[in-house]
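Taking it in order: structure first as structure tokens, then the write-up.
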Amino acid sequence: MIIANGFDEIYETLDFTDSIVERINWENDLLDLVLTVDYYFGQDESNLLKIRFKDCLKADFLLTDNLLNVQEEEKHSYSMSWYTIQNYRLVKESDFIKKYNKSDIVHIEIYTVDQEVPWLSVISRGVTVEKLSE
């Protein structure tokens, strides 16, 4: 069930702060990039939501190089912070959007541990959020 369609509706109705990315995969004949996140609606109420980047044209992931310095037994707990969403934003002045001059293309950046460099930068033909059935 789609609960938000388009960046503006998502931004106005959902706060992904502290939501944890549980899964990253491709769907719809490998055209849609999908993030499954554990989203908290209230104090103890969480649901799995799918953030679907429709017709994904470009996706850049960047993990900090701190992982190289973490001891093996601490990697799991330490790496979870890389998948905890802290912020997300729409990039309105994207070079890609300017180059192709398409109004239906969106460029969204998702931030986790680093507020200056996005963990994920994705360009797609649209974005929706779906609630997974329980």
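The values are calculated or read from the model by the stated rules, or taken from the named source; none is laboratory data. Because the structure is predicted, anything quoted here is derived from the model rather than measured. With ideal geometry, Cβ positions are generated from the backbone for all residues, glycine too; neighbour counts draw on all protein chains shown.
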Looking only at the range 60-79, and only at residues there that are surrounded by 13 or more Cβ atoms within 10 Å (Cβ to Cβ) and farther than 25 Å from D15 by Cα, the one that is modelled with the highest pLDDT: V70
Residue in the range 80-134 that is surrounded by the fewest Cβ atoms within 10 Å (Cβ to Cβ), counting only those that are in contact with a Ser or Thr (Cβ under 7 Å, 6 or more places away or on another chain) and of a type in the set (D, E, K, R): D114
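Does at least one position in the range 66-87 carry a residue that is at positive phi and in contact (Cβ under 8 Å) with a residue 12 or more places away in the chain? Please lay out each step first, then the result.
Step one: filter the range 66-87 for residues at positive phi, giving none.
No.
Give, as residue ranges, the strands (runs of 3 or more DSSP E) completely inside the range 78-134 that count at least 1 residues that are over 15 Å from L33 (Cβ atoms) and not charged (D, E, K, R). Quick ask: steps written out before the conclusion?
Details: elements: 87-90, 106-111, 120-124, 126-131.
Result: 87-90, 106-111.
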